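Everything on this sheet refers to the single structure shown next.
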Amino acid sequence: MIVTTSDLYKVAYKKFALGAYNINNLEQTNGLFAGCTQSKAPFIIQISKGARSYAHKKMLEAIIRTAEEIYPDSIFAVHLDHGDEASCYDCIDSGFYSSVMIDASHESFEENINITKRVVDRAHAAGVSVEAELGQLGGVEEDIKVDEKNACLTNPVEALEFIQKTGCDALAAAIGTSHGAYKFKGQQSLHFEVIEQIAKAVADAGLPPTPIVMHGSSSVPKEEVARINAAGGKLDPSACGVNLDEYLPAAKLGVTKINIDTDGRLVWTRVHREFFRDKPDQFDFRPPGKIFMKEYADFIASRNEKLGSAGKLDEVRESLSAAV
Ligand code: G3H
Ligand code: 13P
Ligand code: ZN
């Protein structure tokens, strides 16, 4: 069942985090729904601009609507990941999306506010909620490259002003992560103090809580990288990501949506590289596709455990029926 992102935030805020997983094709979608059904977890399905041009937005909508029928117990929201103004309006007008992300974080503070406010006005008129970004993550965001050295954490004072002036429903904050497989040099921790300061600033101002979104949340397992390289890959073995045991502590402070894409791509790459390395005489893509869907479902279920969303479907269902 497709629900609003706000419905999910209400149940999860400061208790657990919702996994927000990107999809581009039917194998990922099938694995995602299977994994969330087996772990009884609500979730957010994310579609990036890249995914919309790779698989066509109508194809993705049809795949998701079909998955909804095949997995009748699923409860999820549909979200545009890293949208610009045009793609946000397209998704708002489609009537299919629960929420959109307007990513104007590369603009000046004032311009980010102006753009975000325009999107919020149009989205709210259509019952769609809006995630906006403030601060810059290191690494690569869609087609915008931000020098890791200039990555700057979100300023909590600015965050409050931004939330007040835009009316955004969720804030993607820079708390020390970046997109992709190469996030950190050596072991690093999330900036929990920034999460706490933003939540406190919002509460002190008497505003309703604003869920914080963590982008760049993949853990980039060392073993996965090693297996990919053993099967012919050439990923930098120093690649490393977020400590999975930091998901839940971050959730308890207000990080309510945790975006995971890269880790799923690593599962896909490892399964397919190993399959064709071990069976060089084969060329049917369905056998590795089947393995991938099963492995991806298990991967999603294991991440939902770490996020605390596993087993929360009944709570969400009760909250939805109480609201009727
Ligand atoms: O943060 C970006 C997501 O990982 C989506 O990546 O733009 O390559 O689809 P993409
Ligand atoms: P990762 O690259 O860490 O998976 O982050 C994905 C993301 O933030 C999607 O918006
Ligand atoms: Zn992102």
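Within the chain, what is the longest stretch that has no GluC sites (Glu not before Pro) placed in a DSSP loop and near at most 16 other beta-carbon atoms within 10 Å? Don't skip to the end; give the middle numbers.
Details: sites that count: 107, 142.
Longest site-free region, per DSSP loop and neighbour criteria: 143-324.
May I ask you to derive the relative contact order of the chain, considering only C-alpha pairs under 8 Å and at least 6 residues apart, and to give it as an integer percent? It would help to have the intermediate numbers written out before the result.
Values: 635 pairs, mean separation 76.3, N = 324.
Worked out over the chain, it gives 24 percent.
Since only 94, 37, 177 are under comparison, the one whose Cα sits farthest along the positive direction of the charge dipole of the chain, derived from C-beta charges on Lys, Arg, Asp and Glu, is 37.
For the chain, with all protein chains present and a 1.4 Å probe, just round the carbon and sulfur fraction of the accessible area to a whole percent. Whole-percent figure for carbon plus sulfur exposure: 55.
Rolling a 1.4 Å probe across all protein chains gives residue 109 an accessible area of roughly 40 Å².
Taking the Cα centre of segment 238-293 as origin, work out the dipole magnitude from +1 charges on Lys and Arg Cβ and -1 charges on Asp and Glu Cβ, in debye rounded to 20. Kindly include the intermediate steps, with their values, before the conclusion.
Details: 9 positive and 8 negative charges, 27 e Å.
Here the size comes out at about 120 debye.
If both residues of a DSSP beta bridge must be in the chain, then about 10% of such bridges are antiparallel. Residue 84 exposes around 60 Å² of accessible area when a 1.4 Å probe is run over every protein chain in place.
Place a +1 charge on the Cβ of each Lys and Arg in the chain and a -1 charge on the Cβ of each Asp and Glu, then give the dipole magnitude about the Cα centre in debye, rounded to the nearest 20. Before the final figure, lay out each step's value.
Details: 35 positive and 46 negative charges, 148 e Å.
Result for the chain is approximately 720 debye, rounded to the nearest 20.
Solvent-accessible area per residue in the chain equals 43 Å², computed with a 1.4 angstrom probe and all protein chains kept. Taking every DSSP helix (H) stretch of at least 4 residues in the chain, weighting each as -39,500 (n - 2.57) and dividing the sum by the residue count yields a mean residue ellipticity at 222 nm of -15500 deg cm²/dmol. The residues neighbouring residue 241, those whose beta-carbon lies less than 13 Å from its own, together hold a net charge of -1 under the Lys/Arg +1, Asp/Glu -1 convention. From the alpha carbon centroid of segment 38-57 to that of segment 263-324 is 13 Å. Global size of the chain: 18.9, 65 Å for Rg and Dmax (C-alpha atoms, Rg to one decimal, Dmax whole). As a length-normalised measure over Cα pairs under 8 Å and 6 or more apart, the relative contact order of segment 162-302 settles at 26 percent.
The values are calculated or read from the model by the stated rules, or taken from the named source; none is laboratory data. Fair warning: this is a prediction, and the values are worked out from it, not measured in the lab. Heads up, the Cβs are rebuilt from the backbone with ideal geometry, glycines too, and the neighbour counts pull from every protein chain shown. Each accessible area value is taken on the protein alone, full model and side chains, heavy atoms only, with ligands, DNA and RNA left out. Shrake-Rupley method; radii C 1.70, N 1.55, O 1.52, S 1.80 Å.
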